[in-house]
Amino acid sequence: MIGLLKANLAQPGGDVQPIAVSDTQQRALSNGLTVLVQRSTVVPAVSMQLYTKGGLLADEPGREGVSNATYTMMRRGTTTKSAQDIAVAVEDLGATLATGSGNNTGFVTATALAEDWPAVMELMADVTLNPSFDAGEWGKLQPRLLAAIDRATDRWSGELRREFRKAYYGEHPWSQLMSGRREVVEALTRADLAAFHASRLNAADSVLAVVGDVDPDEVFSQAEAFFGAMSATAEATFVLPQPADPTPGLTIIDTIKPIAAVQVGYGPGMTRDSDDYAAVQVLSRVIGDFPAGWLQQELRGRGPGLVYASSAGAATGLVPGYFTMLFNTVPDTVDEALERTLGVAERARTELIDNATLARAKAKMLTIEFFGRQSNSDLAAGQALDLLYGIDDLTGRDFLAEVEALTAEDIRAVAQKYLTEPVVVVVCNEALDEQQLRGLIE
């Protein structure tokens, strides 16, 4: 790889070419697909990422798992290429090609060396637009998806996440993990996958981002050639399923795991495009950072440590998420650890953080943002998702300025706004004093 880099950076006369990083250009294709292109010659490589609104949010309530299965299958053969043909083509080009589905989007991503990106983009478009959903391939993949659903709760964190989402989101699609419901995936046919793909993939709800050593005009031209056939709009308009406000309270779940795990969630939360996003992210750092965060200090730094692991942060997306704090411990210390955790929220609502704490939290947030924009793939994903989420800040400069401008009063204000009545889920293998726990919450 070092030799390849030197070969690409060196001119015939032996001089080194200067690195070029341009501003992102944005255009719409004839079908309305938004394409973002940023030229960067830092490395002789290109990242191409296509995101479409939907993911778990596109699954009908009670039918969660269709989007994940559909996108996972898209790479396993097209109308002109078998799964083996695609795998060989990607391998021969030294490229990558992946498909998947998340909470908010379905995606097709690829990376390639600079000289190969048009060929890889053509493969990417074929996988996106022309998946065959071959019955034989589905017969191989379906058991793997079912096994992944079964394995998702093998660890305490997966089981807690599943039970919390059920308690917090009720009948909303986000009540399920991204892999979906076992009974739904078990009953899916290739016809179901093809129907979902045909009804959901569309240009209006999608963004293609390309970052790397490219000529932007050539990218726009090739994108038109390869992705111009994408349907302009979906068969049925995608309407974001809005979750109901969560019902505060306590849910206790029995488990066979020899541990107690607790998740506290506050909501309704915010969407990714909220004006409060920067402040809540800094609040997450104040509370959740290791080892100086307030939650860490309360649960692990004050007296004998009460927990094995703990964390805090905000979940956001196209619909409102939540602010959460969670930990695992032994059954005997659940009540004390929960009381301290709720005390952290009370402290955030009432106390003005000191200048040193605020400066540390801001610096951590700026560092996270900086390191999240280092690779071509980071940049492409961030720009595409920001645009889909309604954020007009492709460089990240506006977010950085917002973080820098935050005051202690701003942090307390968002704590007072979002850290109100908690939804608490406890997963434990021993009987607990439910009345005492409810008394802490109420």
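Per-structure values
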read-out	value
Some residue of region 334-343 being under 20 Å from Gln281 (Cβ atoms) and not acidic (Asp, Glu)	yes
Test: Asp154 is outside any helix (DSSP H, G or I), open to solvent by 20 Å² or more (accessible area, probe 1.4 Å) and among the charged types (D, E, K, R)	yes
Condition met for Gly343 (of a type in the set (Gly, Ala, Ser), at pLDDT 95 or above and within 19 Å of the chain's Cα centre (by Cα))	no
Answer residue from region 352-380, given it is open to solvent by 70 Å² or more (accessible area, probe 1.4 Å) and assigned to a loop (DSSP other than H, G, I, E, B) and is farthest from Val42 (Cα to Cα) among those	Leu352
Residue match in region 307-314 (condition: closer than 16 Å to Ile411 by Cα and hydroxyl-bearing (Ser, Thr, Tyr))	no
Residues being among the basic types (Lys, Arg) and either under 23 Å from the mean Cα position of the chain (by Cα) or not in a loop (DSSP other than H, G, I, E, B) (or both) - total across region 291-325	1
In region 286-297, the residues that are out of contact with any strand residue (DSSP E or B) (no Cβ under 9 Å at 6 or more places or on another chain) and not hydrophobic (A, V, I, L, M, F, W, C)	Pro291, Gln297
Among the candidates Ala191, Ala152, residue that is of a type outside the set (Lys, Arg) and in contact with a Gly (Cβ under 7 Å, 6 or more places away or on another chain)	Ala152
Ala345 being surrounded by 22 or more Cβ atoms within 10 Å (Cβ to Cβ) and assigned to a helix (DSSP H, G or I)	yes
Candidates Arg165, Arg144, Arg182, Arg190 - the one that is modelled with pLDDT of 95 or more, of a type in the set (Lys, Arg), closer than 18 Å to Gly102 by Cβ and open to solvent by 20 Å² or more (accessible area, probe 1.4 Å)	Arg165
In region 1-45, residue surrounded by the most Cβ atoms within 10 Å (Cβ to Cβ) [restricted to those that are at pLDDT below 95, of a type in the set (A, V, I, L, M) and outside any helix (DSSP H, G or I)]	Val43
Region 303-336 - residue that is in contact (Cβ under 8 Å) with a residue 12 or more places away in the chain and of a type in the set (D, E, K, R) and, of those, least open to solvent (accessible area, probe 1.4 Å)	Asp335
Only listed residue being aromatic (Phe, Trp, Tyr) and touching a Lys or Arg at 6+ places or on another chain (Cβ under 7 Å), chosen from Tyr389, Tyr418	Tyr389
When residues of region 400-430 are limited to those that are in a loop (DSSP other than H, G, I, E, B) and in contact (Cβ under 8 Å) with a residue 60 or more places away in the chain, the one farthest from Ala315 (Cα to Cα)	Glu430
Residues of region 381-399 classified as in a helix (DSSP H, G or I) and either touching a Pro at 6+ places or on another chain (Cβ under 9 Å) or charged (D, E, K, R) (or both), total	3
Index of the failed condition, Ala112 passing every other in (1) crowded, with 23+ Cβ neighbours inside 10 Å; (2) under 25 Å from Val185 (Cα atoms)	(2)
Failed item, numbered, when Val120 is tested on (1) free of Cβ contacts under 8 Å to residues at least 24 places away in the same chain; (2) in a helix (DSSP H, G or I)	(1)
Within region 194-231, considering residues that are polar (S, T, N, Q) and over 26 Å from Asn104 (Cβ atoms), the one least open to solvent (accessible area, probe 1.4 Å)	Gln222
Scan of region 65-79 for residues that are within 9 Å of Phe133 (Cα to Cα), among the polar types (S, T, N, Q) and surrounded by 24 or more Cβ atoms within 10 Å (Cβ to Cβ), ordered by number	Thr70
Residue within region 87-101 that is closer than 29 Å to Leu318 by Cα and assigned to a loop (DSSP other than H, G, I, E, B) present	no
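The values are calculated or read from the model by the stated rules, or taken from the named source; none is laboratory data. The shown structure was predicted, so the numbers you read here are calculated from the model rather than taken from an experiment. Reconstructed Cβ throughout: ideal geometry from the backbone, glycine too, with neighbour counts over all protein chains shown. Please note that ligands, DNA and RNA were not included when accessible areas were found on the heavy atoms of the full protein model with its side chains. Shrake-Rupley method; radii C 1.70, N 1.55, O 1.52, S 1.80 Å.
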